[in-house]
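**Q** First the structure, then my questions, so here it is.
The values are calculated or read from the model by the stated rules, or taken from the named source; none is laboratory data. Bear in mind the structure is a predicted one, so any value in this text is a computation, not a measurement. Neighbour counts are summed over all protein chains in view; Cβ atoms, including those assigned to glycine, are modelled from backbone coordinates with ideal geometry.
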Amino acid sequence: MEFLRYGSRIPGKYEYGCCAVDIIQDFKQDPDEKSSIEVVSGDSGNPLLDYTGNQQFLGTTYRDIFNQRLRIGTFSKADMPNHVFFAVLTDWQLKTQVGLKWLKILKDSGFEFVRATDNSVYTGTSLYGSPEDEYDGEECYDDEDCHLNYIFALYRNIGSTRVENPFEPPAAWTELDADTTNRFQEIYELLPREQWIGGERARYIKHREVWDKIGPVTFRTREQLEELKVPVILAGKFSPNPQEEAAIRESRNNVKKNVYESPKKAVKTAWSL
């Protein structure tokens with residue numbers, strides 16, 4: 001069970017990602033199976049410690065990790081009441097008991113269904129045909145021809161600086177309408193502003209109930225997990241190679257290569273003597 005900052009990584013040195021959004025990965029594990037995850041700083045990747053210097057973990061099940069991450073996200077140990085989470089479940093996952101368990105957890109946690117999409121990684125590059133062709137509604141509901149993915153999102157807006165109407169776009173966006181040729185009707189246009197605000201107040205009540213039910217996060221030490229016979233899982237960290245010019249990386253890698261080769265040459269020379 002991984003929560004990652006949108007568009008970024010651990011450690012998040014690049015500052016490309018958006019720290020307002022997390023992506024949730026891996027719904028293949030039974031939510032009630034024992035597990036844990038090391039808590040690290042989203043920027044540095046360094047372990048976060050308690051006041052005595054003990055490494056901190058979330059757990060003791062995948063469900064616990066999920067709920068606790070909904071409180072604190074991936075940045076630190078602090079609560080994040082204004083935050084967004086994205087989750088994707090595939091059609092085949094929803095044919096399993098584990099997938100259906102997670103689907104209910106998403107629903108109970110206040111996630112909303114966003115949209116369904118096919119995945120061309122699996123289903124190929126072919127286009128549907130002429131835009132004028134009548135859609136028969138079958139192509140993406142045949143298991144052999146389709147790889148359905150369902151996108152869900154939790155838009156939590158309960159902090160002291162909550163947005164009154166999160167469906168209202170920036171003025172600069174709507175000002176582009178007159179000069180935009182491929183113009184689509186958007187969700188915010190379907191209902192008057194007053195109804196969006198009223199709906200958001202209802203969402204506030206729901207999300208606040210979930211927030212209060214989860215309660216303050218319980219951080220555990222490695223020793224506590226071991227006593228409970230819970231697997232101790234360390235956070236994943238990506239390659240030390242950042243996005244960079246080829247010449248810079250090749251130069252650095254050549255330095256490493258020479259360092260590794262030098263002892264071999266020394267041994268070979270000594271042996272020849």
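**Q** Identify, from the list 68, 29, the residue that is crowded, with 19+ Cβ neighbours inside 10 Å and either outside any strand (DSSP E or B) or assigned by TED's automatic domain parsing to the domain that holds residue 94 (or both). Explain how you work it out, then say what you get.
**A** Numbers: 29 fails: crowded, with 19+ Cβ neighbours inside 10 Å.
The unique qualifying residue is 68.
**Q** Among the residues of the range 78-98, are any closer than 18 Å to residue 224 by Cα and part of a loop (DSSP other than H, G, I, E, B)? Spell out the reasoning first.
**A** Narrowing the range 78-98 to residues closer than 18 Å to residue 224 by Cα: none.
No - not one qualifying residue is present in the range 78-98.
**Q** Among the residues in the range 64-71, are any of a type in the set (Asp, Glu) and touching an Asp or Glu at 6+ places or on another chain (Cβ under 7 Å)? Full working, then the answer.
**A** So in the range 64-71, the residues of a type in the set (Asp, Glu) come out as 64.
When the remaining residues are screened for being touching an Asp or Glu at 6+ places or on another chain (Cβ under 7 Å), the result is none.
The answer is no; no qualifying residue exists.
**Q** Regarding residue 26, is this residue closer than 21 Å to residue 237 by Cα, modelled with pLDDT under 95 and not β-branched (Val, Ile, Thr)? Walk me through how you get there before you give the answer.
**A** Values: closer than 21 Å to residue 237 by Cα: yes; modelled with pLDDT under 95: yes; not β-branched (Val, Ile, Thr): yes.
So residue 26 fits the description; yes.
**Q** Only residues in the range 163-189 that are surrounded by 12 or more Cβ atoms within 10 Å (Cβ to Cβ) count as the first member; pair them with residues that are outside any helix (DSSP H, G or I) and at pLDDT 85 or above, Cβ under 7 angstrom, at least 6 apart or cross-chain, and list the lot.
**A** 163/157; 166/155; 166/157; 188/167; 188/168; 188/169
**Q** Looking at the structure I just gave you, is residue 266 loosely packed, with under 11 Cβ neighbours inside 10 Å and either among the aromatic types (Phe, Trp, Tyr) or at pLDDT below 70 (or both)? Even if it seems obvious, please write down each step before you answer.
**A** On the way: loosely packed, with under 11 Cβ neighbours inside 10 Å: yes; either among the aromatic types (Phe, Trp, Tyr) or at pLDDT below 70 (or both): yes.
Yes.
**Q** Check off (1) surrounded by 12 or more Cβ atoms within 10 Å (Cβ to Cβ); (2) assigned to a helix (DSSP H, G or I); (3) not hydrophobic (A, V, I, L, M, F, W, C) for residue 194 and give me the number that stays unchecked.
**A** In the conditions (1) surrounded by 12 or more Cβ atoms within 10 Å (Cβ to Cβ); (2) assigned to a helix (DSSP H, G or I); (3) not hydrophobic (A, V, I, L, M, F, W, C), residue 194 misses (1) alone.
**Q** Select, from 42, 53, the only residue that is surrounded by fewer than 17 Cβ atoms within 10 Å (Cβ to Cβ) and either at pLDDT 95 or above or in a loop (DSSP other than H, G, I, E, B) (or both). Quick ask: steps written out before the conclusion?
**A** Values: 42 fails: surrounded by fewer than 17 Cβ atoms within 10 Å (Cβ to Cβ).
Unique residue meeting the criteria: 53.
**Q** Condition first: over 22 Å from residue 24 (Cβ atoms), at pLDDT below 95 and in a helix (DSSP H, G or I). Can you find one or more residues in the range 142-152 that meet it?
**A** Of the range 142-152, the ones over 22 Å from residue 24 (Cβ atoms) are 142-146.
Subset that is at pLDDT below 95: 142-146.
Among the residues that remain, those that are also in a helix (DSSP H, G or I) are: none.
Within the range 142-152 (the criterion being over 22 Å from residue 24 (Cβ atoms), at pLDDT below 95 and in a helix (DSSP H, G or I)), the answer is no, since none of the residues qualifies.
**Q** Residue 148 passes all but one of (1) farther than 23 Å from residue 104 by Cα; (2) surrounded by 11 or more Cβ atoms within 10 Å (Cβ to Cβ); (3) among the hydrophobic types (A, V, I, L, M, F, W, C); which number fails?
**A** With respect to (1) farther than 23 Å from residue 104 by Cα; (2) surrounded by 11 or more Cβ atoms within 10 Å (Cβ to Cβ); (3) among the hydrophobic types (A, V, I, L, M, F, W, C), residue 148 is out only on (1).
**Q** Only residues in the range 234-255 that are closer than 30 Å to residue 3 by Cα count as the first member; pair them with residues that are of a type in the set (Lys, Arg), Cβ under 8 angstrom, at least 6 apart or cross-chain, and list the lot.
**A** Close Cβ pairs (under 8 Å, with a partner that is of a type in the set (Lys, Arg)) amount to 238/9; 241/249; 242/13.
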